Amino acid sequence: MSIRIGGLISGMDTESIIKDMLKAEVSKIDRQKQQKQILEWRRDSYRETNLKLLSFRNAIADLKLPSTFTGKKVESSNNSVLTATATSDALSGTHVIKVNSLMSGVTRISTSEIAEYKDTLGEQFGLTGTISFTLKGKDGVSNTYSFDTAAKSINDVVDAINANASTSGISAGYSSDGNRFVLATVDKGAEEVIEVEADADSFLKTTLKLGLDVGEYRGTNASIDYDGAAGIEFKSNQFTLNDINLDLKKAGDTVTVTISQDVDAAVDKIKAFVEAYNAVMENINVKLNEQREYDKSSHSYKYQPLTDDQKDEMSEEQIKKWEELAKKGIMNRESLLSSIASDIRMTTNGMLTNCDAVRILEAGVTLSSKSEINSYAETLAGQFGISGTVSFTLKGKDGENHVYSFDSSTDDINDVLNAINADTADTGIVASYSDNRFTLATADKGANASLQVVADGNLFLKDTLKLGIGTGTYTAESNLISPTQDVKYLKYQSLSSIGIDTMEYVTGSRDNGKLTIDEDKLREALQNNPTDVMNLFNRTQTVLEEDGQYQTYDVGIGLKLYNTLSNAITSINSKAGASDAVYDTSFLTQDITRIDERIETLEERMERLEERYWAQFTALEQAVQRANTQSQWLSQQLGLDSSQSS
């Protein structure tokens, strides 16, 4: 940096003059900084929306769990006796359960304090000579224990019994703090046993106060009476019966266990889904509809990001309020947000449809005899060798059951044809017979054609007419691996069918696209048809592709929304990045980086310009100084000449 002389000679305010001369350059830099600030605000706004989308996707993830819709709620009339939970497969109902016994081993503890610990049995209990007893455990081996009371202590008794514990299943313990002796089986259950075969000195019963007589003492399995079925045993106090998980706490009491559909949990999860959806819609609606305030007189937006000089003249509160106004409307009509909102609304409000990969392989429904049937005769009995009455029931497009019954001794195959075809206008089902083959078909040859065999008690259709079909619904053949995956068989095919509707559209409203819930209608659907509600959200379809490979597609509203949101989140990440990203290559960040580079270039240019101005003014000051010096010299010379002349 060159030496700056700021008006010391000329008396000019050089710094102010240069600052005024640089205003145009500062203005260029400020405009770039303002543009950068707007891009940063837009980036932050996109990231805020992305967090809303992520929360919404998380709410949908809960709806992808079958347990959300089919979970069961279990109540025990006495949790101190037993507690219970249930799997989603448990049937709703009430069960009466009596706890006969808990799974337990054999445990005997001194009924009161025994004598205080001493180094020998003789000193502790006043015994003399040798004492002995014999125990038999689950291994069936008799173990006799003998102790010299003058040399052995109570700890030796414990150690001797425990030395066989791994095989006998009998363990011992002694606490000097409480002066109690414990004799117990290692494990629990009816197979665990302590048999006292001998206790001649009454050491176990009296000295150790265990109260054990000679005899067998067994553990117990857990045992319950369940709805009248008595004595059901389990080798644990925690077990599962009929998809009910029971945890026994106390024996001897009877409780009532009630299982019901956990509608509350499902309603809460669906409410969370709707709330997260509405939060996204409001967030996007506000941003798309906000307008930036325009100043017609200056032909520019009224509130621009503040420059550094402007901020220096304002308080923190004033800066905050100004920036709130400056941010307003910067996302107006942002195409990416508009597209995301549109995709979410279309997916949410649409009807379920089969995936695009589903193809109809054969038009309509046609069911024909697999091989030739018997040649025509004047009666069914004569043609097929049957007797009595044959009957079957069909259901067609009218959804009504049509029962057909024939006397095999008087009716023939043509009577069967005529009876079915007489109802064709209602059922859409047509029957035909030629070349010793019988055919049932739908008049409708479209993709939605179907017919249902409701009953075939005599197997007349299946075996006699050799159609090879059982009861069930038959549809147009497609490449779906299971016809029941077709969405037309779903009870609920839109959110509105379970009580979730879209609010009325009002231009510019923050509530456009939001959802409302008819909770009574939703609860009714979840109570009566939880699986159908689950399928509305989570239906998938597996199709056989033309290349012979199976492919599974998401069809349910929840699954499609999850995919839509994942794509939206990815798009915003590409546009604005993520605040926690280690390396941000998003479009907006790249734009901001380019502006930073322009600002740096402009600042370097201004710095060079400022140096040049200072150099010029310094040269001016130096020239003025030289002129002043010369003037002073001339004055001095003129003064000398004048004095010499006089």
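The values are calculated or read from the model by the stated rules, or taken from the named source; none is laboratory data. Note that the structure is a prediction, hence the values are computed from the model and not measured. For neighbour counting, all protein chains shown are included, and Cβ atoms are generated from backbone atoms with ideal geometry for every residue, glycine included. Accessible surface areas use protein heavy atoms only, side chains included; no ligands, DNA or RNA. Shrake-Rupley method; radii C 1.70, N 1.55, O 1.52, S 1.80 Å.
Summary of computed values
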quantity	calculated
Number of the exception - Glu378 against (1) touching a residue at least 12 places away in the same chain (Cβ under 8 Å); (2) open to solvent by 80 Å² or more (accessible area, probe 1.4 Å); (3) more than 30 Å from Ile413 (Cα to Cα)	(3)
Identity of the residue in segment 81-115, of a type in the set (S, T, N, Q), closer than 24 Å to Leu248 by Cα and assigned to a loop (DSSP other than H, G, I, E, B), that ends up most open to solvent (accessible area, probe 1.4 Å)	Ser92
Residue ID - farthest from Thr484 (Cα to Cα), chosen from residues in segment 335-351 that are of a type in the set (A, V, I, L, M) and open to solvent by 30 Å² or more (accessible area, probe 1.4 Å)	Leu336
Sole residue being modelled with pLDDT of 95 or more and within 19 Å of the chain's Cα centre (by Cα), chosen from Val274, Val257	Val274
Residue ID - surrounded by the most Cβ atoms within 10 Å (Cβ to Cβ), chosen from residues in segment 63-73 that are in contact with a Ser or Thr (Cβ under 6 Å, 6 or more places away or on another chain) and outside any strand (DSSP E or B)	Gly71
Residues located in segment 416-431, provided they are touching a residue at least 12 places away in the same chain (Cβ under 8 Å), over 17 Å from Lys462 (Cβ atoms) and either of a type in the set (A, V, I, L, M) or surrounded by 14 or more Cβ atoms within 10 Å (Cβ to Cβ) (or both)	Leu417, Ala419, Asp423, Thr424, Thr427, Gly428, Val430
Only listed residue being out of contact with any helix residue (DSSP H, G or I) (no Cβ under 9 Å at 6 or more places or on another chain), in contact (Cβ under 8 Å) with a residue 12 or more places away in the chain and part of a helix (DSSP H, G or I), chosen from Asn278, Asn285	Asn278
Selected residue [out of contact with any strand residue (DSSP E or B) (no Cβ under 6 Å at 6 or more places or on another chain), under 16 Å from Leu22 (Cα atoms) and of a type in the set (S, T, N, Q)] from Thr629, Thr601	Thr601
Residue among Thr256, Thr307 that is under 20 Å from Asp30 (Cα atoms) and hydroxyl-bearing (Ser, Thr, Tyr)	Thr307
Any chance Leu361 is open to solvent by 70 Å² or more (accessible area, probe 1.4 Å) and in contact (Cβ under 8 Å) with a residue 40 or more places away in the chain	yes
Helices (runs of 4 or more DSSP H) fully within segment 116-230 counting 3 or more residues that are open to solvent by 70 Å² or more (accessible area, probe 1.4 Å) and farther than 24 Å from Met103 by Cβ	none
Subset of segment 449-476 (residues that are in contact (Cβ under 8 Å) with a residue 40 or more places away in the chain, open to solvent by 50 Å² or more (accessible area, probe 1.4 Å) and outside any loop (DSSP other than H, G, I, E, B))	Gln452, Val454, Tyr474
Test result for Thr542, in contact (Cβ under 8 Å) with a residue 40 or more places away in the chain and surrounded by fewer than 17 Cβ atoms within 10 Å (Cβ to Cβ)	yes
Candidates Asp62, Asp20, Asp89, filtered to the one that is among the acidic types (Asp, Glu) and farther than 30 Å from Leu246 by Cα	Asp20
Pairs where the first residue, in segment 490-511, is in contact (Cβ under 8 Å) with a residue 60 or more places away in the chain and on the phi < 0 side of the Ramachandran plot and the second is open to solvent by 40 Å² or more (accessible area, probe 1.4 Å) and among the aliphatic types (A, V, I, L, M), C-beta under 8 Å, 6+ apart	Gln493/Met351; Ser494/Met351; Ile500/Ile517; Asp511/Met503
Candidates Asn563, Asn573, filtered to the one that is in contact with a Ser or Thr (Cβ under 9 Å, 6 or more places away or on another chain), surrounded by 13 or more Cβ atoms within 10 Å (Cβ to Cβ) and without any contact (Cβ under 8 Å) to a residue 40 or more places away in the chain	Asn563
Condition met for Arg605 (under 30 Å from Gln37 (Cβ atoms), among the basic types (Lys, Arg) and open to solvent by 30 Å² or more (accessible area, probe 1.4 Å))	yes
Filtered residues of segment 503-538 (kept if buried (at least 16 other Cβ atoms within 10 Å of the Cβ), over 30 Å from Lys287 (Cα atoms) and touching a strand residue (DSSP E or B) at 6+ places or on another chain (Cβ under 8 Å))	Leu522, Leu526, Pro530
Residue list for segment 231-245, filter: open to solvent by less than 60 Å² (accessible area, probe 1.4 Å), in contact (Cβ under 8 Å) with a residue 12 or more places away in the chain and more than 15 Å from Asp89 (Cα to Cα)	Gly231, Phe234, Ser236, Asn237, Phe239
Failed item in (1) surrounded by 12 or more Cβ atoms within 10 Å (Cβ to Cβ); (2) more than 39 Å from the chain's Cα centre (by Cα), with Asn354 passing the rest	(2)
Boolean, Ser432 is part of a strand (DSSP E or B) and either out of contact with any Asp or Glu (no Cβ under 9 Å at 6 or more places or on another chain) or of a type in the set (A, V, I, L, M) (or both)	yes
Lone unmet requirement of (1) touching a helix residue (DSSP H, G or I) at 6+ places or on another chain (Cβ under 6 Å); (2) surrounded by fewer than 13 Cβ atoms within 10 Å (Cβ to Cβ) for Glu600	(1)
Selected residue (criterion: least open to solvent (accessible area, probe 1.4 Å)) from residues of segment 383-415 that are within 21 Å of Ser450 (Cα to Cα) and not in a strand (DSSP E or B)	Gly396
Matching residues, segment 550-565, being in a helix (DSSP H, G or I) and of a type in the set (A, V, I, L, M, F, W, C)	Ile557, Leu559, Leu561, Leu565
When residues of segment 364-375 are limited to those that are of a type outside the set (Ser, Thr, Tyr) and open to solvent by 50 Å² or more (accessible area, probe 1.4 Å), the one farthest from Ile469 (Cα to Cα)	Asn374
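Here's the yes/no breakdown for (1) touching a residue at least 12 places away in the same chain (Cβ under 8 Å); (2) assigned to a helix (DSSP H, G or I):
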{"site": "Ala24", "(1), (2)": "no, yes"}
{"site": "Arg43", "(1), (2)": "yes, yes"}
{"site": "Ser55", "(1), (2)": "yes, yes"}
{"site": "Glu75", "(1), (2)": "yes, no"}
{"site": "Asn78", "(1), (2)": "yes, no"}
